[in-house]
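**Student:** Let me give you the structure first, and then I'll get to my questions.
The values are calculated or read from the model by the stated rules, or taken from the named source; none is laboratory data. The shown structure was predicted, so the numbers you read here are calculated from the model rather than taken from an experiment. Every residue, glycine among them, receives a Cβ derived from its backbone with ideal geometry; neighbour counts consider all protein chains shown.
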Amino acid sequence: MADRDITAFSPLLHREQPFVVDLGNVVNDTYTGSYDVTVTAVCATESLTLVKNLGADRVVDYTAEDFTQDTQTYDAVFDAVGKSTFGRCRRLLKPGGVYLSSELGPWGQNLMLAVVTPLLRGRKVKFPFPRHNQAIVRHLRELIESGDFTPVIDRRYALDQIVDAYRYVETGQKIGNVVITVAHVD
């Protein structure tokens, strides 16, 4: 999950329940390998094989079907690209289920809903505030060293091409991460 705090949703992944990740146009490098979860991923046609190879149990092509009309319900829906809303995904959640998004949502609603929905004792919105601490860094290092974390790198740009990299990301067509390479000055 590019630049997102995996600990923001890892408590949800200890359940042996279905979990949906809405990837939109982006292939997510979320790590779920050590958790006993069933992952349903949502992505575009061109990313179906890659997402399946990353470990998704089921992949929904959003260009062919509306994932919010799924008949299955989930313990959690993680909108990794901020293309949906709690309102659209609410019916997918089991009672007590959690909706997470990487974005604020229309009019910043996810921040407000993260405060209000826990008071209603039903389905909840949680906003994954990033935490930066040594435990997260160590955990990520262990995942990378063990080969259990598979980052997806779409393109690499030199630092002097950062404007081109930004323009490419802004197209919304990137598949995975865009890496900026900084040369060492000796």
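**Student:** Among the residues of the stretch 117-141, count how many are exposed (fewer than 12 other Cβ atoms within 10 Å of the Cβ), over 20 Å from the mean Cα position of the chain (by Cα) and not in a loop (DSSP other than H, G, I, E, B).
**Tutor:** Qualifying residue count for the region: 5.
**Student:** Also: Can you pull out every residue in the stretch 99-116 that is of a type in the set (A, V, I, L, M) and either closer than 15 Å to Asp79 by Cβ or part of a loop (DSSP other than H, G, I, E, B) (or both)? Lay out the reasoning, then the answer.
**Tutor:** Filtering the stretch 99-116 down to residues of a type in the set (A, V, I, L, M) leaves 100, 104, 111-116.
The answer is Leu100, Leu104, Leu111, Leu113, Ala114.
**Student:** Which of the residues belonging to the stretch 92-113 are buried (at least 20 other Cβ atoms within 10 Å of the Cβ) and among the aliphatic types (A, V, I, L, M)?
**Tutor:** Initially, the stretch 92-113 is screened for residues buried (at least 20 other Cβ atoms within 10 Å of the Cβ), giving 92-93, 97-102, 105, 110, 113.
Listed by number, the residues that qualify are Leu92, Leu93, Val98, Leu100, Leu113.
**Student:** Would you confirm, using the coordinates I've provided, whether Leu104 is within 27 Å of Asp66 (Cα to Cα), modelled with pLDDT under 85 and over 17 Å from the mean Cα position of the chain (by Cα)? Quick ask: steps written out before the conclusion?
**Tutor:** On the way: within 27 Å of Asp66 (Cα to Cα): yes; modelled with pLDDT under 85: yes; over 17 Å from the mean Cα position of the chain (by Cα): no.
When the stated conditions are applied, Leu104 does not pass them.
**Student:** Report yes if Val152 is over 25 Å from Thr63 (Cβ atoms) and either among the small types (Gly, Ala, Ser) or out of contact with any His (no Cβ under 9 Å at 6 or more places or on another chain) (or both), otherwise no. Full working, then the answer.
**Tutor:** Working: over 25 Å from Thr63 (Cβ atoms): no; either among the small types (Gly, Ala, Ser) or out of contact with any His (no Cβ under 9 Å at 6 or more places or on another chain) (or both): yes.
So Val152 fails the test.
**Student:** Using the structure shown, decide if Phe78 is touching a strand residue (DSSP E or B) at 6+ places or on another chain (Cβ under 7 Å), over 22 Å from Val51 (Cα atoms) and buried (at least 17 other Cβ atoms within 10 Å of the Cβ).
**Tutor:** Values: touching a strand residue (DSSP E or B) at 6+ places or on another chain (Cβ under 7 Å): yes; over 22 Å from Val51 (Cα atoms): no; buried (at least 17 other Cβ atoms within 10 Å of the Cβ): yes.
For Phe78, the condition - touching a strand residue (DSSP E or B) at 6+ places or on another chain (Cβ under 7 Å), over 22 Å from Val51 (Cα atoms) and buried (at least 17 other Cβ atoms within 10 Å of the Cβ) - is not met.
**Student:** If you don't mind, there's one more thing I want to ask. When you scan the stretch 77-116, how many residues do you find that are hydrophobic (A, V, I, L, M, F, W, C) and over 22 Å from Thr63 (Cβ atoms)? Reasoning before the result, please.
**Tutor:** First, the residues of the stretch 77-116 that are hydrophobic (A, V, I, L, M, F, W, C): 77-78, 80-81, 86, 89, 92-93, 98, 100, 104, 107, 111-116.
Filter once more, so that each one left must be over 22 Å from Thr63 (Cβ atoms): 86, 93, 98, 100, 104, 107, 111-116.
Looking only at that region, the number is 12.
**Student:** Suppose we filter Ala183, Ala165 for residues that are of a type in the set (A, V, I, L, M) and exposed (fewer than 10 other Cβ atoms within 10 Å of the Cβ); which single one remains? Walk me through how you get there before you give the answer.
**Tutor:** Details: Ala165 fails: exposed (fewer than 10 other Cβ atoms within 10 Å of the Cβ).
Being of a type in the set (A, V, I, L, M) and exposed (fewer than 10 other Cβ atoms within 10 Å of the Cβ) holds for just one of Ala183, Ala165, which is Ala183.
**Student:** On to the next question. Just the residues that are buried (at least 17 other Cβ atoms within 10 Å of the Cβ) and either aromatic (Phe, Trp, Tyr) or without any contact (Cβ under 8 Å) to a residue 24 or more places away in the chain (or both), please, taken from the stretch 61-75. First the steps, then the outcome.
**Tutor:** Step one: of the stretch 61-75, the residues buried (at least 17 other Cβ atoms within 10 Å of the Cβ) are 62, 67-68, 70, 74-75.
Passing the criteria: Tyr62, Phe67, Tyr74.
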